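So the structure is just underneath, and the comments pick up after that.
Computed from the coordinates by the stated procedures, all read-outs in this text should not be read as laboratory data. Predicted, not measured: the structure shown is a model, and the values here were computed from it. All Cβ positions, even for glycine, are placed from backbone atoms using ideal geometry, and neighbour counts span all protein chains on display.
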Amino acid sequence: MNEPKTDALVSEKTSDMVRSDEVGEVRQPPTGMEINLGDFTRTQGLMKSLRLMLDNQIVIPVEEIASGVGEAGRKFKMGDLEQAHQDVARLYAAFGQRTSQWDARARSLEQQMRLQVSKNPKSISIDTMSRMKSEQVAVRSRIATAEVHFRRLHQGLDQAYTNLQSQAVPGIGPSFLARFKAAPLADRPGLVKECFESITTLEVTIKRSQTAGYEIQFAPRPPRGSLLFLTTTGEVIRLHELGHLVVVEDLETGSKSEMKVGNFVKLVQAGVWLLQPAGFA
C-alpha cells in the first residue's frame with residue numbers, strides 16, 4: 001500500500017487544525033501545593049549566605065547547591081514539577097553531605113586543639129579557643145536555619161509530586177496508572193484488558209480522493225479525548241486532535257506531542273486499541 005501523502009484528507013472534517021499555541025502552551029504548576037516560589041527563593045538565599053567556615057576560611061563550598069535551587073525554582077515556575085522534585089531531592093542530599101563533612105572537620109579541629117592544650121596549656125590562648133567555639137556555634141546556627149527551610153521545600157515538593165501522581169485521570173481508575181507504569185511491556189496488554197470495559201481494534205483504510213490526495217477513514221473513528229493503547233510500544237495515550245495534524249498525550253509522562261496524520265495511520269496499522277472505560281456509555 002502506498003504511504004499517504006502529507007496533504008492527505010481525513011474523512012469527515014479536515015479543517016479542524018491544531019493551533020500551535022495549544023500545543024506549545026506553558027504548563028502551570030498544579031494547584032493545591034503546600035509550597036510556592038517563595039520557598040525556593042528563601043532556601044536559595046539561605047544557601048548563598050551559608051558559610052561553612054573553620055578558622056575564618058570556607059572549607060566546604062555550597063555555591064552550586066544555591067544555584068541549583070534557583071534553577072529548580074525556575075522549572076517549578078514553568079510547571080515541570082517532576083524535574084524540580086528530582087533536582088531538589090538531589091540537592092537536599094548534597095546539602096546533608098556537605099554539612100556532615102563540615103561537622104566532621106569541625107569536631108576534628110576541636111579535638112586537635114584540645115589535645116594540643118592538654119600537652120601544652122600555653123600553646124593555644126583562651127581567646128583562640130573562644131573564637132573557634134563562637135565560629136562553630138554561628139555556622140551550626142546557620143546550618144540549622146537552612147536545614148529547616150530546605151527540608152520544608154523538599155518535603156513539600158515530595159508531597160506535591162505524590163499528590164500529582166495519585167490524581168485520577170478522567171476515564172481511568174485511580175490505581176490503573178500506578179499499576180501500568182510498574183508493569184513490564186509484555187504484561188501491559190493483559191492489564192489493559194483487565195481494567196477497561198471494552199476494547200475495539202482500530203482499523204484504517206486509505207483510498208485516493210476524487211478531488212486530490214488521499215482520503216483516510218478510521219473504523220471506528222476515535223473521538224476527541226478517547227484513550228488509545230499502542231500495542232507495539234505499550235503506551236496509553238489520549239487523543240486530543242485528529243485532523244491533518246494529530247495531537248496526543250502520553251498518560252505516563254503527561255507530555256503532549258503532535259504528528260502528521262500519515263504517521264498516526266502507521267501507528268494504527270501497527271496496532272491500536274480504542275479503550276472504553278467501565279461505566280462509560
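Phi angles of the stretch 123-135 translate, via the Karplus equation with coefficients 6.51, -1.76, 1.60 and θ = phi - 60°, into HN-Hα couplings of 5, 10, 6, 5, 4, 5, 5, 5, 4, 4, 5, 5, 4 Hz per residue; Gly and Pro are given as x.
For the stretch 199-214, backbone phi angles converted through the Karplus equation (6.51, -1.76, 1.60; θ = phi - 60°) give residue-by-residue couplings of 10, 10, 6, 6, 10, 9, 10, 10, 8, 5, 7, 5, 9, 6, x, 10 Hz, Gly and Pro being listed as x.
How many angstrom lie between the Cα centre of the stretch 67-104 and the Cα centre of the stretch 40-61? Here the two parts' Cα centres lie 15 Å apart. Under a straight-distance cross-link criterion of Cα-Cα below 30 Å, which lysines are reachable from Lys260, leaving out those fewer than 8 residues away in the same chain? Lys260 reaches Lys5, Lys13, Lys75, Lys181, Lys193, Lys207. For the stretch 142-155, the Karplus equation 6.51 cos²θ - 1.76 cosθ + 1.60, evaluated at θ = phi - 60°, returns couplings of 5, 4, 4, 5, 5, 4, 4, 6, 5, 5, 4, 4, 5, 5 Hz by residue, with Gly and Pro reported as x. Among residues other than Val246 with Cβ under 10 Å from its Cβ, the summed charge is -1 (Lys and Arg +1, Asp and Glu -1).
Which of the lysines could be linked to Lys122 by a straight reach, that is with a Cα gap under 26 Å, when you skip same-chain ones fewer than 8 residues away? Those lysines meeting the cut-off are Lys133. Residues of the stretch 213-241 with the amide nitrogen closer than 17 Å to a label point 7 Å from the Cα of Ile206, along Cα-to-Cβ, please. Correct set: 213-219. Computed from the Kirkwood radius of its Cα pairs, the Stokes-Einstein diffusion coefficient for the stretch 172-276 at 25 °C and 0.890 mPa s stands at 170 µm²/s. Amide H contacts of Met53: Val59, each under 5 Å away and 5 or more positions distant or on a separate chain (H built 1.01 Å from N in the peptide plane; Pro and chain starts excluded). Under a 5 Å amide H cut-off, with hydrogens placed 1.01 Å from N, Glu215 pairs with Leu9, Lys207, Arg208, Ser209 among residues at least 5 apart or on other chains. Between Asp103 and Ser67, the distance separating the two model label sites (each 7 Å from Cα on the Cα→Cβ line) works out to 2.8 nm. Spacing of the modelled spin labels on Ile126 and Arg140, each 7 Å from Cα toward Cβ, amounts to 2.2 nm.
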